[in-house]
Structures are given as C-alpha cells and as structure tokens.
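Quick note: the coordinates plus some simple rules give every number you see, no bench work behind them. Quick caveat, the model's predicted, so the values are computed rather than measured. Cβ: placed from backbone, ideal geometry, glycine included. Neighbour counts: every protein chain shown.
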Amino acid sequence: MGALLEIKDLKKYFKTPRGLLHAVDGINFTLDRGKTLGVVGESGCGKSTLGRLIVHLIEPTGGRIFFEGRDCTDLSRQALLESRRKMQMIFQDPFSSLNPRMTVKETILEPMIIHGMFGGNQSEQALRVREIMDAVGLAENLADSYPHELDGGRRQRIGIARALALEPKFIVCDEPVSALDVSIQAQILNLMQDIQNERGLTYIFITHDLSVVKHISDDICVMYLGNMVEKCPAGEIFKTHCHPYTRALLSAIPIAKAGARRERILLKGEISSPIEPKPGCRFAPRCLEARQDCSETQPDLMEISPGHMVACHLYSKCKSNKT
Ligand SMILES: Nc1ncnc2c1ncn2[C@@H]1O[C@H](COP(=O)(O)OP(=O)(O)OP(=O)(O)O)[C@@H](O)[C@H]1O
Ligand SMILES: [Mg+2]
C-alpha cells in the first residue's frame, strides 16, 4: 500500500484580459493506492482544472506532482507518454469526448495502437478489446456500432473502456455520471466500483453533487474557488463537517426518508472573482458566520481531528452537526 499520488501546493493560473485567473490555488493532498478521493464543489471552483493538471493534460503554474514516489511534474516527452499510460481520465460528456467517426472497437483500440501495446500484435489487441468490452458490460455485437447509435449509459461505458485500454493504475473521473439519467447513474457507479475492486485502481472522482460521491469515496475534498476548504473521510463529512460551505452543500441534499426534512442553507452574497482574488477567505462574502478576520487573512488548512482538515477561521468553534 502507501501513497500513489502526492500533490504539493499545486497551482494553475490562466492569463485573461482582466488579469490572472486563479483556477487552482495551492492544493495539497496524498492519495493511497486503491482508494477514491471525491472532489466536490460548485461550477467553476477548479475541479476539472485540478484533474487535468494531475493527468498532465495541462501544465501547472506552480507546485509538484509525485506519482509512485517520483516527482513527475516536469516530464520529458517520452516519460510523459509512459505516465499517460498509467493515468487516464474519464470525461463528463461521453458524446463530445468520443470521436463520432470511430466504432466502439476502434475507439478502444486506438490508445493501444498509439502506445504499441502487446508489441503491436493485432490479434492480442483485438482479444483485449473483447475482454474490456465484456468487463464494462458492452455486448460483443456492439463492436462495430458508432457512438450516436447508442444511449448515454452505453456511450459512457465506451469512455470507461477506452480509459481501461492501457491498464492504468489511476483514473481521474470528471463528472462521469452527471450527464446521465438517474437510473443509469447508479449502474455506471456500480460498474466503476466493481472495476476498481477487480483491478485495484485508484480514483479521483470529481462531481458537483455530494450525494454522488458519498458512497464511492474513501475521502472527500471540498473545493471553493480554487482552494481546498475541507478534506476528511467520506463517512465523517456527514457527521462532523465544519466548514460553513460544506454545511451549505450538505443542506442541499434531499433526504430519502418519508417526512424527513433538512433545513436548506441558502447562500447569500456574491461569489468572489477568481481573477486576482482579494486577500482573506474566498468564501467570506457568502459566509453567514464570517467575522472581520475572515476578509483579512486567508485561513490555512488545519487538522482538527485525525485525517480531518479544515481551512476556516471559525474551526475552533467546530462542533458535531447531525444532518
Ligand atoms: N483554458 C482556460 N482559460 C481561462 N480560464 C479557464 C480555462 N479553463 C478553465 N478556466 C477557468 O478556471 C476556473 C475553473 O474552471 P474548471 O473548469 O476547472 O471548473 P469546474 O469546477 O470543473 O467547473 P464545472 O463544474 O462547471 O465543470 C473557471 O473560472 C474557468 O472559467
Ligand atoms: Mg468541470
């Protein structure tokens, strides 16, 4: 066991006409082999940018990425190709991330050809395509179908199959079920968990919806405007969550039990701009509990109990909140 991935002070700033946009601004965490880290937060908080940084689709502005104990932040072209084999990404919208002119078989085969899997042996590659299609629940007779001929659930199964083609160790799943019907979401989530257990995969699972990650994550990280505001074991976030933003996110999850009600916390105030952000806590303008120091200095991430980190000046007031 041990850490597969270690992220240190990772930053990504985009140049915009109005100044530097701090999309990811100093993220730190470690992720152990075979585990799932759920990353939640509202639209624009930097979840996809974080995922893309980790799989080297974009270059960081600052910070380091360690994979299997090796610093792989600045990789040569060859090393980048090798690391891409081990790290894959599944995207939100399977329709736009799949090539409409490629059949199911060709889509899964393509990365194997690029990486010269099985020494380029075509019959072994074809065998592997069949094995993966079976693993993701795609019937053999769909091999020559095109994405537009299939429903959303099957299209996402192709996206998963393609990600598995190179036998990766780690997958960033970027909102993989958000575009699917609720009934299909559960099927795909179950499939992803089965595949993880069978192959010992490590996941980062990105979503804006806490209710989606609560079942499949070991740890949950809550992001707000490029910062990590809370990280803790998944089971704990529903009992002793401390950050006021996490509380607001949780209050939006409906309770399945008949007659049960949870008071919804409605956030007021404007979302701060991620462009040249002001000093202080980025959540302060919308925080119902903000004090003066909240808009003056940015709170550090502090460990308030084993494995539970919170970045909030009010952390000392943290108490057990049953939701
Ligand atoms: N290539 C880019 N150039 C400039 N700004 C960008 C670029 N990519 C992302 N951003 C900005 O970075 C911020 C974070 O974007 P990101 O896509 O990572 O958010 P997200 O949390 O994934 O949102 P969503 O839930 O909508 O997918 C946003 O303000 C976005 O506009
Ligand atoms: Mg996104």
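List of remarks:
- All other residues whose Cβ lies under 12 angstrom from that of MET112 are scored, Lys and Arg at +1 and Asp and Glu at -1, for a net of -1.
- Cα-based shape type of region 86-161, given that a ≥ b ≥ c are square roots of the gyration tensor eigenvalues and the cut on a/c is 1.5: prolate
- Remark: spin-label model distance ILE58-GLN193 equals 3.2 nm, labels positioned 7 Å along the Cα→Cβ axis.
- The string of couplings for region 115-125 from the Karplus curve (6.51, -1.76, 1.60, θ = phi - 60°) is 8, x, 5, 6, x, x, 5, 5, 6, 5, 4 Hz, one whole number per residue in order, with x for Gly and Pro.
- Rounded to the nearest Hz, the phi-derived 3J(HN,Hα) couplings of region 23-34 under the Karplus curve 6.51 cos²θ - 1.76 cosθ + 1.60 (θ = phi - 60°) are 6, 10, 10, x, 9, 10, 5, 10, 10, 7, 4, x, where x marks glycine and proline.
- Over 25 Å (Cα to Cα) - which of LYS15/LYS35; LYS47/LYS214; LYS15/LYS47; LYS8/LYS239; LYS105/LYS214; LYS47/LYS268 fall in this group: LYS15/LYS35; LYS8/LYS239; LYS105/LYS214
- With one equal scatterer per alpha carbon and no solvent term, the Debye-computed log10 I(q)/I(0) for region 1-134 at 0.19, 0.22 1/Å reads -1.23, -1.35.
- The chain, relative contact order [Cα under 8 Å, separation at least 6], %: 20 percent
- When the convex hull of its Cα atoms is projected in every direction, mean area for the chain (nm²): 18.3 nm²
- Cβ-based net charge around HIS208, under 13 Å, with every Lys or Arg adding one and every Asp or Glu removing one: -3
- Ordering of 12-23, 101-112, 283-294 by burial proxy (mean other Cβ atoms within 10 Å per residue, highest first): 101-112, 283-294, 12-23
- Distant-in-sequence amide H partners of GLU296 (H built 1.01 Å from N, under 5 Å): CYS281
- Protection proxy ranking for 184-194, 216-226, using the average of other Cβ atoms within 10 Å per residue and placing the highest first: 216-226, 184-194.
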